[in-house]
Structure formats: structure tokens, C-alpha cells
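The values are calculated or read from the model by the stated rules, or taken from the named source; none is laboratory data. Here the structure is a predicted model, which is why all the values come from computation and not from measurement. Every residue, glycine as well, gets a Cβ built from its backbone with ideal geometry; the counts of neighbours run over all protein chains shown.
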Amino acid sequence: MSRTLAVATACLMLCIRTASADTIATNVDQLSTGSTYKVRLAAALALSKSKDARAVIAVADALESDADPTIRRVAALALEKMIDPRTPDDAKELSFTALEKAVTDDRDAKVRDTAASTLKALSGIKRKKSAAATRGAGKGPPVFVQIDKTTDQSNKLPADASERVMKIVKSNVERTGYATTWPAGGLPTAADLSSARSRGFIVASTVKKLDITKAGGQTQIACTVAIRVAPWQGKDGGEKWEANKAASASGSAKATTGSRDRDIQGGVRDCIEAVAEDVTSRQVVPFLKRIAAAGS
């Protein structure tokens, strides 16, 4: 029997642990998760007046991923004024990458033209050559992300489901260019991270809830997955839950499938994998980029 799946994106919420959210953080969240065009556009315009690394990265992300061409064009135009020689290298590199991608891949001609104009205007600003060249070959990556094992609080997951969720999270993080494996093998210590000038972070997923309800020949599956990200001090250290540097995100989904065990297990996998993909790509990765760039 075929399976149907609906991810409840309205349930997704990034919970930044901070005593009071500043204006930039608020605008960044609105640009990345705003439900309406007007909210996202207003956030983009507000961020365009800032040179803060968080603002630069958020606008670059919007250029690369926002569905509306006007917002993408505003983002491309804004980056010209936001980026200067003092912009952190990570934020600068992400912005140039987004602009170059827009020039060649954006489906809107105005966005392509605006991105090309911005790149020309920024041609005098030097870019970071490479992690190996600037930090020393073989020393270690500039950013290392420890992908922790998926925790199953429901105690109902199929045998391979936790590993599959972990792989989805890892794949999304690796697309940023951040390392999830240490060059020397194993996990680095605090001393390893320090000597390599690497900043460490941890991303961990948890299946918080899994409800399976049978009704006639169908089965309703509801799942909730939470993912946290925080600075990480190495295998002999730990994670730090700091204001503006740690967050958790969660999402929910529902799936409808058949009543056979095989159908139910497949529906469970579909449910948790869809939520893991959505939460990681839309919320965790953008937040990770912001805090990594802010610390560079």
C-alpha cells in the first residue's frame, strides 16, 4: 500500500537560548522562517543595513534559497553594501558562493544580473584562498562538527532508523563544507581543536515522540524530532549551552500507511526522515553557519 506523508512545517520552531533576542537575531529568524513574503522582505531590508556576520550570512542564504525572486534580488543587491574587508572570512566566502551560484543558476534574469553586478562591485575584496592554505595543511579543518548519535526516546524505532536519521543530519551539515570527520581519525580532544585552530560544534538529534495508531486497514503515524546544536569542546570536554551560540529546533509530521508491519516500519522511516531533513536544512544548518561565522 502506498504511503502518504505530511510534514507539519508550522510546528517547526527554532528556540535560541538567550535572555533577550536582539534585533538582528529577530530579523534573521524572520528572513529564514517567515511565513509570508512581506515578513521576509521586511527582514531582508532591515538586515541589509547591517554589516554583522549574522546578517550577511542570512542574506546570502536568502539569495540562495528564498522562493521569491524579488527577495533574492534584494539579497543580491544588499550584499554589495554589507560586505567589506572587515567581513569575517566565513561570511564573506558564503556570500561570494551564493552570488556566483545566482549568476549561473538562478532562474530569474533580474536576479542573475543583480548578482553579477554585485560580484563586479566586490571584485576588489580579497577572498579566503582555502582552509589548508590559511591554517596550514594537515592541521585540521577550520570548523569541525561532531554529529552525535540519534537518541530514540520513543523506544519504537525500527532497527536502522536511528542510523538513517544521523546520516541525513550529517549529509546536510557536510554540504556547508564543514568537516564531520577528523583528519587523524577518531574524535579530537580539546587540545587537538586548539592546536589546529578548529572551532568545534555538536549536532545531536532526538526522536521525541512516535505515535502509531491502527484504524481498519490503515495506520496513522505521528512523529516529532528535535535537533540541538551547540559549541563543542572535544571528546574530553563537552558542549556549551550559551546565549546566541546554542539552539534547539523541532518538527513534527504525520504519515498514513498500511497495517502490515513492513508498511508501518516504512511509514515510521518516512516520517522521521522527512522531519530530520526539513529541520536540519531549514533551521539547524543556517544557525550553525551563523554561529560559526560569528566566531571566526
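Overview of values
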| quantity | calculated |
| --- | --- |
| Some residue of region 262-272 being under 24 Å from ARG199 (Cα atoms), within 19 Å of the chain's Cα centre (by Cα) and of a type in the set (Val, Ile, Thr) | no |
| Region 137-180, residues that are more than 23 Å from GLN265 (Cα to Cα), among the polar types (S, T, N, Q), in a loop (DSSP other than H, G, I, E, B) and in contact with an Asp or Glu (Cβ under 9 Å, 6 or more places away or on another chain) | THR180 |
| Residue check, GLY185 without any contact (Cβ under 8 Å) to a residue 24 or more places away in the chain and loosely packed, with under 15 Cβ neighbours inside 10 Å | yes |
| Residues within region 219-234 that are in contact with a Ser or Thr (Cβ under 6 Å, 6 or more places away or on another chain) and surrounded by fewer than 17 Cβ atoms within 10 Å (Cβ to Cβ), tallied | 1 |
| So THR280, is it without any contact (Cβ under 8 Å) to a residue 60 or more places away in the chain and among the hydroxyl-bearing types (Ser, Thr, Tyr) | no |
| Any pair with Cβ under 7 angstrom, 6 or more apart, that starts in region 235-259 at a residue that is farther than 11 Å from VAL279 by Cβ and ends at one that is among the hydroxyl-bearing types (Ser, Thr, Tyr) and part of a strand (DSSP E or B) | ALA255/THR4; THR256/THR4; THR257/THR219; GLY258/THR219; SER259/THR219 |
| Residue match in region 4-27 (condition: surrounded by 22 or more Cβ atoms within 10 Å (Cβ to Cβ) and either more than 30 Å from GLY217 (Cβ to Cβ) or modelled with pLDDT of 85 or more (or both)) | yes |
